[in-house]
Amino acid sequence: MNEAMQLSPPRRGNGCYHADTAKKQLGARVNEDVAELARKRAADLGLSIGDYLARLVQDDASGLRARAVDAAARFLAEHQAVFDEAEEAQQTPRGARAA
């Protein structure tokens, strides 16, 4: 389903938005799967689709998403051995480690 979505500021405080700033309407065409994901995620966060999209754009423009992905990659790199051990333990049949 294609919908025109209203872009409005996120509910958290941010210096980029001012209370007297007029909202602008943007049109976006996305496939039904993306539209449904946006609706569900916005609802999960208690946001309108417009507020959710505004938050995504702000986070992307501020570099927040890139920093979060970088931090996750560093965490995984530092702790890969722990994850490998846990995965190996799940794949090893019970009793196979008994000596």
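The values are calculated or read from the model by the stated rules, or taken from the named source; none is laboratory data. Quick caveat, the model's predicted, so the values are computed rather than measured. Every residue, glycine as well, gets a Cβ built from its backbone with ideal geometry; the counts of neighbours run over all protein chains shown. Just so you know, the surface numbers come from the protein's heavy atoms only, side chains and all, with ligands and any DNA or RNA stripped out. Shrake-Rupley method; radii C 1.70, N 1.55, O 1.52, S 1.80 Å.
Among the residues in segment 67-83, are any open to solvent by less than 70 Å² (accessible area, probe 1.4 Å), at pLDDT below 90 and small (Gly, Ala, Ser)?
yes
Looking at (1) modelled with pLDDT of 90 or more; (2) closer than 23 Å to residue 38 by Cβ; (3) open to solvent by 50 Å² or more (accessible area, probe 1.4 Å), can you tell me which one residue 62 breaks?
Just one mismatch for residue 62, condition (1).
Which of the helices (runs of 4 or more DSSP H) contained wholly in segment 39-99 include at least 1 residues that are of a type in the set (Asp, Glu), free of Cβ contacts under 8 Å to residues at least 40 places away in the same chain and farther than 30 Å from residue 27 by Cβ? Before you say what the answer is, go through the steps one by one.
Working: elements: 49-62, 64-78, 80-91.
Of the helices (runs of 4 or more DSSP H) lying wholly inside segment 39-99, those with at least 1 residues that are of a type in the set (Asp, Glu), free of Cβ contacts under 8 Å to residues at least 40 places away in the same chain and farther than 30 Å from residue 27 by Cβ span 64-78, 80-91.
Might you let me know whether segment 11-30 holds any residue that is under 14 Å from the mean Cα position of the chain (by Cα) and at pLDDT 50 or above? Step through it out loud before you land on a result.
Kept after step one, since they are under 14 Å from the mean Cα position of the chain (by Cα), are these residues of segment 11-30: none.
No, every residue in segment 11-30 fails to be under 14 Å from the mean Cα position of the chain (by Cα) and at pLDDT 50 or above.
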